[in-house]
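Notes to accompany the following structure.
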Amino acid sequence: MVFWPPVILLTGALIFSLIDFDGFHSSVSAANGWLLTHFDWLFSYASFAAVGLIVWVVFSPLGSVRIGGPSAKPILSRWNWFSITLCTTIAIGILFWGAAEPMFHMNGPPEFSGVAPHSEGAESFAVSSMFMHWTFTPYAIYSVPALAFALAHYNLGRPYSLSGPLSLVFGRAALGKSGAVIDAVGLYALVAGVAASLGAGVMTLSSGIETVSGLHDTTFLRFVMMALIVSVFVLSSISGVQRGIKILSDLNTKFFFALVAFVLIVGPTGNILALGAESLVEYVTKFIPRSLALGERASDPWTRDWTVFYFANWLAWAPITALFLGRISVGYTVREFVLFNLVAPACFGAVWMTVFGGAAIGADAGGGALSAALESRGPESVIYALFETFPFSAIIISLFIILTFISFVTAMDSNTHSITGVCLKGTTSKERRNAEYQMKIFWGVLVGAIAFIMTSTTGIDGVRILSNLGGLPGLFILITMGIVIVRIRLAWLDEVRAARQPAPSPEEPAGQVSAQ
């Protein structure tokens, strides 16, 4: 009941798209429009609530609780924990959007921003919007279900599934067949979100190969890139967390830091830092109205096309990714969990968007080369247009292609572990090992096929639709996981208060003890 519903739904959609693509595209576009019309406000409010909930947890006594119990030992070092978390979550997106997104906001800022295109106000609006989309809010969306799962699984002995922590709210109704339905919904959400991100990555890789080699970004090239990514991440996933993901994420994160340092040094360093500081102030002062889409933002299509699109994407990934992030956090306290699953990667996202966004804005101001690339070849080409303005561009572009490839392999690797974990239950160790291999190959091929069809036909619009449709079930799972954390926090506080009650005196009647 976990495996078949999302498989039937996704393969059915895939077959529908191959038989009648126009009818398929019309149907999913209508579904996407209905979703945004009716639930855009809930995406915004739930995402903002996730930030507030994490802040509340950090400053509560629950922050000192160790995941797995007082004697639990970590399975990862802090560096490996941070690098795996970073590469499992937003690492894919920042490669695609780091230079491209500010071009959209610079060229066409929304009316509610009150700034003119290509003005200084448009620059700070662009970078502050990237802070909104790529830092604390997305990581709060990941952290809420991940923390709920970690505490429910390791500290309260709940099953390794989405339904495990949800049983703290719904009781036995969340287990059994009902629990399987919940896991199936989360599985569908993740596959849709993963396919969307994989599609964006293939577009980035194909555009980079076109820039370096002169080969045209054709459907066949995208197919080859898709097949290569799927093959490598399946092999890496089979090797296990301690080998595949750990090695790839360590290498990947070091590449990230090196690339940020290079761009900051060779780019307009002073302008980048000044723009980053100005944008940070704007982000902080306007965080609440932007998060809640207050005022004119609520009716402006820009809010749905960008902010809600990103929230939906994070929500699609969050439920099943939470199982993986929660599993690797054992042995650390709740506050350490928030530091390494939210604060540290969010800060890195802010640095990346400051450096690449600022460098892209500065390079485009010198003649509009990046805007021209966006207009003629699409958002996947903008990062390479930026690199072509730097020294050693051919080397940097080649390294960036490798970095992008490793990023996708790492993210798909970790999520394949989670997908397999919720699909396989009640098997012996030998049976499970064989089934894991088959399951990882199956999901890898299915995700690749969905991403290939969407990016080969509708491009970035297909990516956006997949993200939004996957985010709706993730939205309701996030809300329930937030309730789980509140219940765990209150129950833990009740236990602490009970433990602090003075012991009754021997002569005290039993009834009085019970009343106390």
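Between the helical axis of 78-88 and the longest alpha-carbon principal axis of the chain there is an angle of about 60 degrees. Taking other residues whose beta carbon is less than 15 angstrom from the beta carbon of Ala363, and scoring Lys, Arg as +1 and Asp, Glu as -1, yields -4.
With charges only on Cβ, +1 for K and R and -1 for D and E, what is the dipole size of the chain about its Cα centre, in debye, rounded to 20? If you can, show how the numbers build up before the last one.
Working: 27 positive and 29 negative charges, 406 e Å.
Computed about the Cα centre, the dipole is about 1960 debye.
With a sphere of radius 14 Å drawn around the Cβ of Leu403, what net charge do the other residues whose Cβ falls strictly inside it have (Lys, Arg +1; Asp, Glu -1)? Computed value for this residue: 0.
Cβ crowding within 10 Å, taken as a proxy for footprinting-reagent exposure, orders Trp352, Trp134 from fewest neighbours to most as Trp352, Trp134. Expressed as an acute angle from 0 to 90° and rounded to the nearest 10, what is the orientation of the C-alpha long axis of helix 219-239 relative to the principal long axis of the chain? So the helix axis and the longest Cα principal axis differ by about 30 degrees. Spacing of the modelled spin labels on Phe257 and Ala394, each 7 Å from Cα toward Cβ, amounts to 3.0 nm. Working note: 222 nm ellipticity from helices only, DSSP H runs with n ≥ 4, each -39,500 (n - 2.57), summed and divided by the residues of the chain, gives -25500 deg cm²/dmol to the nearest 500. Measure nothing but the geometry: give the 0 to 90° angle between the long axis through the Cα atoms of 309-327 and the longest principal axis through the Cα atoms of the chain, rounded to 10°. On a 0 to 90 degree scale, this one is about 50.
The translational diffusion coefficient of segment 141-203, from Stokes-Einstein at 10 °C and 1.306 mPa s with a Kirkwood hydrodynamic radius over alpha carbon pairs, comes to 125 µm²/s. Counting neighbouring beta carbons within 10 Å and listing from fewest to most, the residues Cys347, Cys423, Cys87 come out as Cys347, Cys423, Cys87. By other beta-carbon atoms within 10 Å, ranking Ser163, Ser376 with the fewest at the front produces Ser376, Ser163.
Across all C-alpha atoms in segment 255-371, the radius of gyration and Dmax reach 17.5, 53 Å.
Taking a ≥ b ≥ c as the square roots of the eigenvalues of the Cα gyration tensor, segment 1-117 is oblate, since a/c reaches 1.5 or more and a/b is not larger than b/c. Note on segment 4-494: Rg/Rh from C-alpha atoms, Kirkwood Rh, equals 0.95.
Put a dot 7 Å past the Cα of Ser213, heading toward its Cβ, do the same for Ala116, and the two dots end up 4.6 nm apart.
Read the figures in this text as sums done on the coordinates, not as results from a lab. Every value quoted in this text rests on a predicted model; they were computed, and no experiment measured them. Cβ atoms come from the backbone with ideal geometry, glycine included; neighbour counts cover every protein chain shown.
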